[in-house]
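Participant: Encoded as structure tokens, here's the structure I'll be asking about.
The values are calculated or read from the model by the stated rules, or taken from the named source; none is laboratory data. Please read all numbers here as calculations on a predicted model, not as lab measurements. Cβ placement follows ideal geometry from the backbone for every residue including glycine, while neighbour counts extend to all protein chains displayed.
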Amino acid sequence: MELLHVHIEQAGYEERDNVIRNVAFTLGSGQLVGLIGPNGAGKSTTIKAILGLIKKTKGEVRFSGPQGNYAYIPEHPILYEELTLWEHLELAAAAYGLKADEFRERAEELLAQFKLGDVRHHLTTSFSKGMQQKVMLIIGFLTKPDVYIVDEPFIGLDPKATKELLDTLNAERRRGAAILMSTHVLDTAERICDSFVLLNAGETVAQGDLDQIRSDCGMPGASLFECFHTLT
């Protein structure tokens with residue numbers, strides 16, 4: 001089942017309205033697609049266009065899952081200084097309209113999974129960067145949406161937290177959710193992604209599974225890292 005359809009003919013800003021051009025792909029149920037490219041390639045603009053945050057966007061973005069909803073997990077944590085971890089979760093639950101029982105069960109499950117249960121009533125300003133990133137992950141996973149849009153999720157996470165994240169992503173894929181993940185961690189992306197959209201200078205330079213990426217760069221048997229540097 002197709003959950004996200006993206007066809008961006010052009011998107012950009014006041015000073016430059018064609019930052020990205022002709023970016024098109026779809027996400028199906030249970031699929032994890034890696035959005036990769038060097039700094040300045042247009043990954044962030046692509047994500048913002050999908051989220052409807054760029055006025056100067058020409059094209060079509062369509063969420064078409066059973067619920068038609070998505071969760072966005074940003075690269076940099078966005079937290080309120082005066083709220084505890086639990087208060088952040090309560091605020092998110094209220095915004096999403098989660099029922100109290102459903103919220104408590106899901107929140108307890110995620111707090112235990114990401115090892116933050118003991119600090120639920122602490123202000124998030126006292127947390128390390130990795131802990132703050134875990135808070136954003138928990139908020140994102142709280143509602144079990146059809147589609148996840150995840151921007152550089154591994155930054156600030158130690159190896160154990162990275163495994164916890166990967167386990168949660170895999171569980172959500174088994175549930176049927178689709179995931180678009182922007183990342184620079186190419187060895188992990190190669191291992192977990194079904195397919196890739198490789199951007200450079202605002203355009204798609206390769207797209208498909210690893211075999212297709214290898215074919216596009218003429219390097220049979222190459223790693224994603226090697227293909228990345230050849231194509232960009």
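Participant: When you check S182 against the structure, is it hydroxyl-bearing (S, T, Y) and under 16 Å from the mean Cα position of the chain (by Cα), yes or no?
Facilitator: Judged against the criteria, S182 is a match.
Participant: For L110, all conditions in the list (1) modelled with pLDDT of 95 or more; (2) farther than 30 Å from H229 by Cβ; (3) surrounded by fewer than 18 Cβ atoms within 10 Å (Cβ to Cβ) hold save one; what is the number of the exception?
Facilitator: Only one criterion is unmet by L110, namely (3).
Participant: Scan I192, I139 and give me the residue that is under 20 Å from F63 (Cβ atoms) and in contact with a helix residue (DSSP H, G or I) (Cβ under 7 Å, 6 or more places away or on another chain).
Facilitator: Details: I192 fails: under 20 Å from F63 (Cβ atoms).
The match here is I139.
Participant: Can you tell me which residue among R106, R120 is closer than 28 Å to G34 by Cα and without any contact (Cβ under 8 Å) to a residue 40 or more places away in the chain?
Facilitator: On the way: R120 fails: closer than 28 Å to G34 by Cα.
The unique qualifying residue is R106.
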